[in-house]
Amino acid sequence: MKNKEKIKPFKKEKIFLSHSYFKYPLPAMLLKELSTELKDINLYPSGGGYSQLCQVLAEHVGVNRENILPTNGSDEVIEIVTRAYQGEVLIPIPTFFQYEVSADRSGLPKVLVNCLHNREYNINYSAKQLKKTSLIWICNPNNPTGTGIPREKIIDILQRTKGMVVVDECNYEYLEETMVDLIDKYDNLVISRSFSKNFGLAGLRLGFAISNPQNIRRLAAFGQYFRVNRMAEKAAEKVLKYLDYYQKAWEKIKKTRDKFVRQINELGFFAYDSKANFVLVEFRDKEECKKIWKHLKERGVYALPGWENEFSGLGDQFIRFTIGEDWEMDRVVEALSDYVKRCRRGDLNPHRHTPTTP
């Protein structure tokens, strides 16, 4: 469906770039369609197999209905996969913290493997680790670095382990690379997707797992009967009619993101090349990072620092910025530029700003 509605920015005095949600308003016609469903919220959702929802998601992804398991956000995929495949959990860090939290909640042993070296994120597991593990997490693109994981690297891991490999593709719409075509070839592959970050449905909590039918049946046994609420169920059926609108928004976000990366690097800081809707910026050390975070906050810019509990294995010298409208990111750049100028004038002692080189 071709939707001609223009993308309009939210105008707010404060800028919130902490959570990596969809920063544009949803199409007005979509909201109108969803509002008609409110009269039926006294009714239960489909429950159980969610056959219609599975069909909608399957057609969108390009698989069969039996390959889909709808969930209460992608967080539920993480939880039920962890419960279904008990054993040692292999987690490449820094990455999304829920993989580790879910393992801890189930009392499972976990191995955190540092994959960030010299500002490059590369997953390199040993043969011993791959042989011993029961569950491996791969976030693609990785959160918070935004790094795309090469397809051949994931295939290599799938071939070298008997453990279940879960590829979190919650930012697929920005990377546009997937492992979905391999779910029938590799029995140990599960893929996670979400409608939160890229379709603006974070508040409704809608995610889904993609795998072979045997794995889907096993995962379903660990989830609730009514996993997805009625409004989220109906939203999935309606939101995909507005792909033209969303695709334009995604392209705009990518252009804004790439511009932001260039500007940050020009200021002498280090922005990671991102394939997601956020950018990770590394500063000289924890002290500089805390000063900058405070400087941004005083100017109404709220971003996510590395010392928050959002990521496993991320240092205190990092801040992750969700990509919003151009004017929002310009405000960030202006604030950081002001910080650099004040440092050079000696207004922000004791440390002057110097380029953050490796």
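Some notes on this structure:
- For the chain, the share of alpha carbon pairs falling in successive 20 Å distance bins from zero is 29, 55, 15, 0 percent.
- Charge dipole (debye, nearest 20) of the range 1-149; +1 at Cβ of Lys and Arg, -1 at Cβ of Asp and Glu: 540
- Nearest 10 degrees, 0 to 90: helix 151-160 Cα axis against the chain principal axis: 60
- Label zone at Lys286, where the point sits 7 Å out along the Cα-to-Cβ direction: the range 316-345 residues whose backbone N lies under 15 Å: 316-319
- Peptides 246-259, 158-171 ranked from most to least packed give 158-171, 246-259, packing being the mean of other C-beta atoms within 10 angstrom over each peptide's residues.
- Loop-located trypsin sites (Lys or Arg not before Pro) in the range 31-131 whose Cβ has at most 14 other Cβ within 10 Å (DSSP): Arg119
- Where labels lie 7 Å past Cα in the beta-carbon direction, separation of Lys255 and Glu298 in nm: 3.5
- Report note on the peptides 85-93, 236-244: ranked by the mean count of other C-beta atoms within 10 Å, highest first, their order is 85-93, 236-244.
- Across Lys131/Lys153; Lys23/Lys255; Lys254/Lys341; Lys153/Lys248; Lys153/Lys275, pairs whose alpha-carbon gap is larger than 22 Å: Lys254/Lys341; Lys153/Lys248
- Gain upon complete extension [Ser337, Ile41; 0.36 nm per residue less C-alpha separation]: 101.6 nm
- The chain - mean residue ellipticity at 222 nm from DSSP helices (-39,500 (n - 2.57) per run, n ≥ 4, rounded to 500): -11500 deg cm²/dmol
- Evaluated over the range 221-287, the Cα radius of gyration and Dmax, each in Å: 18.9, 52
- Highest mobility in the GNM of the chain, judged by mean-square fluctuation with C-alpha springs under 10 Å and restricted to Val81, Val279, Val61, is found for Val61.
Read-outs throughout are calculated quantities, based only on the coordinates presented, and are distinct from any laboratory measurement. If you're wondering where the values come from, they're calculated on a predicted model, not measured in any experiment. FYI the Cβ positions are ideal-geometry reconstructions off the backbone, even for glycines, and counts take in every protein chain you see.
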